[in-house]
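Let me begin by presenting the structure, written as structure tokens, before commenting on it.
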Protein chains: 2
Amino acid sequence: MVDQLEHVVQCSYRYTVHFTTDALAPTHRLLRDVVAATNQSRSRLLFVVDRGVAQHHPGLARQIEAYVTAHADALELACPPLLLPGGEEVKNSQEHVATLREVIADADVSQQSYVVAVGGGAVLDVAGFAAATAQRGLRLVRMPTTTLAQADAGVAVTAGINACGRKDFVGAFCPPVAVINDASLLTTLEARDWRGGLAEAIKIALGRDAAFFDFIESNAHRLVARDLGVMTQTIRRSVELHLGAAEARGPEALFGHWAAFKLEALTDFRLRHGEAVAIGVALDTTYSYLAGLLDENSWRRVLATLKTVGFTLYTAALRTNLGEPEHPRSLLRGLAEFHQRRGGPLAIMLLRGIGDVVETPAVGVGLVQRSIAVLETAASEPQVA
Amino acid sequence: MVDQLEHVVQCSYRYTVHFTTDALAPTHRLLRDVVAATNQSRSRLLFVVDRGVAQHHPGLARQIEAYVTAHADALELACPPLLLPGGEEVKNSQEHVATLREVIADADVSQQSYVVAVGGGAVLDVAGFAAATAQRGLRLVRMPTTTLAQADAGVAVTAGINACGRKDFVGAFCPPVAVINDASLLTTLEARDWRGGLAEAIKIALGRDAAFFDFIESNAHRLVARDLGVMTQTIRRSVELHLGAAEARGPEALFGHWAAFKLEALTDFRLRHGEAVAIGVALDTTYSYLAGLLDENSWRRVLATLKTVGFTLYTAALRTNLGEPEHPRSLLRGLAEFHQRRGGPLAIMLLRGIGDVVETPAVGVGLVQRSIAVLETAASEPQVA
């Protein structure tokens, strides 16, 4: 005999992605208003700041303190801003998460307090994971500081850290209360981080919006010339397309990513995520072309646009242990790992045309190997304008 | 200028709490059907089993293997059942969570695989937290093996481990796919774990259902005599009341818990959760009586029922550093910690009558101290039947 009780849990999370500039100027009310909207008493804030950002903006810690002082009726600091090293490295150990938890425990931070994470994707991930898993979940405001983080990690509903040799193996659901995309933080980025977000923008354009791809293609030189207005427009549309997905991690969002994740691991994260995505997108676009799914002209346009905005489309890591698909340090092993996470049969996202990604249920290992060879040649060809 | 994009994320989780017996007998189809309902291909199962349960049921690992073999068309084991030590101790380090993650990474466990956790509340918590945070979340089936876990941790939507010296400081949202409450697992419980769930049942009865309190009161002797039918009825109603809460961690569910959490920590978890809840409920009931909120007869009935089912209502830990409310190892410090987690002003849940818990915004430290003195006397009085 089985007797039973049914239970339904409904959750709804609403958050706003704000596009602004100089958000930490004392007169800017956005952060204050976002936080004050949910609390009747003064809100305690724990700032977690990317050390790289703090180095490029030497007055940042003082600016944060001045901001909170200027809005002392609504805000207070739980403790001085906490610095974390930036870059993927910070996600490779539990240590930083553990440090954040200690601070949260010591600094009287409650479920009604806010973690305000200011940094690149890696720092946002570490701060977000710590916030989501401490005290049954703290409130989170993200202020992403790279083009990639503003377009991707900053607006995501999950945050992960690396473990067991896999990227983002450990993570939690952590929708933010708000995201503040501040264009003024982008001006000091080194070139690698300036272009990083364009890989995800091109990826999502290929999956969902041919006109957006045209926009990036025709503005590629302006993006290289660090036109902040064009970059802001590009990020905004990329966010819109990423958030508009019926399924956050649907096929279009994952185009090129099986290889990207593995290339990051194979290069010990010397390739940054955007750089790896650029190669992954180039690889799967080439595979789509060689498989007879994509026309040659579209294939050339995708590769040319990626190259024009500054990405390198080939890395020796593509060939590491290429003849041994089962080898833990082989690109092809990344396919199996990608599918282990998702479950279900082996599949790959392919390009049928610009703006049209499809999921196909089988992968030809030989064709992946040929795609690498073709990509190597194409990557080294001089750019035809 | 601020431009913005709104984003809404809706999640809905539905799960069934099944009440059955001998769920792991090869002919019992429940677990198989629960798992097969969501997967088209064979489902991979990772069993995590409480070592204490395995000791009381020496054939359990073999039984699990036989069960999966009997349903080999729908089920397969990812690896042999993994044993974890039972009891709160297992929640005090990250080590067991890390071990589980390694197994998940090595045993080809995907988002479509299942972690089946068989054990007391602590093992369910560790397995649930590991499952929720690995691979962006695995599916979870809970088979709670104590009266407390069947009535409480087993049906919860969160799972936590202890960190920074605080109970459940680190946790994640992890609604199960299903909960299987198997009465046959309760027959071998030692007396402490047999009665443990009654503390939560009495607590929720006091908060929400006076008739349920009457039921427990009038069946107290049958419960002590290990009447499985009465226990199953009690657990079922307790689950129903816990799940029926508009707010899972609302005031009624938290009655007596500020002290309970702290007493567990102060005794280094020698007091088990149910035992600590019994004392916490007795303490706050006494406080309610001394504060003039609760009549003397109701106060006596609550204490008598808790004593009749076997709980000890006083522990020396209540008086540890009692004169120093700020001392980290003082009961009164537990009030601050409880409110640090929830945020907002200091408050305490009190009893206005049986079935009627109210949240009051202030706490009288002197009255807590008097309540402890009164409780000490009451706890040592011989039971008046």
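The values are calculated or read from the model by the stated rules, or taken from the named source; none is laboratory data. Every value quoted in this text rests on a predicted model; they were computed, and no experiment measured them. Virtual Cβ from ideal backbone geometry, glycine too; neighbours counted across all protein chains shown.
Let's see how each residue does on (1) without any contact (Cβ under 8 Å) to a residue 24 or more places away in the chain; (2) within 11 Å of another protein chain (Cβ to nearest Cβ); (3) in contact with a helix residue (DSSP H, G or I) (Cβ under 6 Å, 6 or more places away or on another chain); (4) surrounded by fewer than 23 Cβ atoms within 10 Å (Cβ to Cβ):
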residue	(1), (2), (3), (4)
B:L77	no, no, yes, yes
B:P81	no, no, yes, yes
B:G87	no, no, yes, yes
B:K91	no, no, yes, no
B:A98	yes, yes, no, yes
B:V103	no, yes, no, yes
B:G121	no, no, yes, no
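Could you say whether any residue in the range A:192-202 is at pLDDT 95 or above, over 16 Å from the mean Cα position of the chain (by Cα) and away from chain B (no Cβ under 11 Å)? There is no residue in the range A:192-202 that is at pLDDT 95 or above, over 16 Å from the mean Cα position of the chain (by Cα) and away from chain B (no Cβ under 11 Å). Just one residue in the set A:L263, A:L283, A:L331, A:L318 is assigned to a helix (DSSP H, G or I), over 23 Å from A:A153 (Cβ atoms) and not acidic (D, E); that residue is A:L318. Of the residues A:L254, A:L263, A:L241, the single one that is under 22 Å from A:H18 (Cα atoms) and not assigned by TED's automatic domain parsing to the domain that holds A:A153 is A:L241.
Before we move on, is A:H56 within 9 Å of chain B (Cβ to nearest Cβ) and within 22 Å of the chain's Cα centre (by Cα)? Talk me through it step by step, then tell me what you get.
Working: within 9 Å of chain B (Cβ to nearest Cβ): no; within 22 Å of the chain's Cα centre (by Cα): yes.
No, not satisfied.
Taking the stated definitions as given, is B:A336 within 13 Å of another protein chain (Cβ to nearest Cβ) and either of a type in the set (S, T, N, Q) or assigned to a helix (DSSP H, G or I) (or both)? Spelling it out, B:A336 is indeed within 13 Å of another protein chain (Cβ to nearest Cβ) and either of a type in the set (S, T, N, Q) or assigned to a helix (DSSP H, G or I) (or both). Out of all the residues in the range A:170-183, is one or more of a type in the set (D, E) and part of a helix (DSSP H, G or I)? No, because not a single residue in the range A:170-183 is of a type in the set (D, E) and part of a helix (DSSP H, G or I).
Being in contact (Cβ under 8 Å) with a residue 40 or more places away in the chain, aromatic (F, W, Y) and more than 14 Å from every other protein chain (Cβ to nearest Cβ), is that true of even one residue in the range B:157-177? Scanning the range B:157-177 turns up no residue that is in contact (Cβ under 8 Å) with a residue 40 or more places away in the chain, aromatic (F, W, Y) and more than 14 Å from every other protein chain (Cβ to nearest Cβ).
Kindly indicate the residue of the range A:36-61 that is out of contact with any helix residue (DSSP H, G or I) (no Cβ under 8 Å at 6 or more places or on another chain) and part of a helix (DSSP H, G or I) and also farthest from A:D193 (Cα to Cα) among those meeting that condition. Here the residue is A:A36.
Scanning the range B:1-35 for residues that are part of a helix (DSSP H, G or I) and in contact with a Leu (Cβ under 8 Å, 6 or more places away or on another chain) turns up B:L31, B:R32, B:V35.
Among residues of the range B:123-136 that are within 11 Å of chain A (Cβ to nearest Cβ), those with a Cβ under 8 angstrom from a residue that is aromatic (F, W, Y), sequence gap 6+ or separate chain, pair up as B:A132/B:F173; B:A134/A:F169; B:Q135/A:F169. For B:T305, the criteria (1) β-branched (V, I, T); (2) surrounded by 17 or more Cβ atoms within 10 Å (Cβ to Cβ); (3) under 23 Å from B:V365 (Cβ atoms) hold in every case but one, which is (3). Modelled with pLDDT under 95 and within 30 Å of B:Q40 (Cβ to Cβ): does that describe A:V365? Here the answer is yes, as A:V365 does meet what is asked.
Yes/no matrix, rows are residues, columns are (1) within 8 Å of chain B (Cβ to nearest Cβ); (2) in contact with a Phe, Trp or Tyr (Cβ under 9 Å, 6 or more places away or on another chain); (3) in contact (Cβ under 8 Å) with a residue 40 or more places away in the chain:
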residue: A:E6; (1), (2), (3): yes, yes, no
residue: A:Q10; (1), (2), (3): yes, yes, no
residue: A:P26; (1), (2), (3): no, yes, yes
residue: A:R32; (1), (2), (3): no, yes, yes
residue: A:S43; (1), (2), (3): no, yes, yes
residue: A:V49; (1), (2), (3): no, no, yes
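Here A:D22 qualifies as within 14 Å of chain B (Cβ to nearest Cβ) and not aromatic (F, W, Y). You will find that of A:G323, A:G366, A:G355, the residue that is at positive phi and either over 22 Å from the mean Cα position of the chain (by Cα) or of a type outside the set (S, T, Y) (or both) is A:G355 and no other. Number of residues in the range B:215-238 that are assigned to a helix (DSSP H, G or I) and either without any contact (Cβ under 8 Å) to a residue 24 or more places away in the chain or not assigned by TED's automatic domain parsing to the domain that holds B:K307 (or both) equals 6. Among the residues of the range B:131-165, the one identified as within 16 Å of the chain's Cα centre (by Cα) and among the basic types (K, R) is B:R142.
Among the residues of the range B:184-230, those that are closer than 21 Å to B:R270 by Cβ and small (G, A, S) comprise B:A191, B:G196, B:G197, B:A199. A:G323: among the small types (G, A, S) and buried (at least 18 other Cβ atoms within 10 Å of the Cβ), yes or no? Answer is no for this residue.
The set of residues in the range A:155-213 that are under 29 Å from A:G59 (Cβ atoms) and basic (K, R) comprises A:R192, A:R195.
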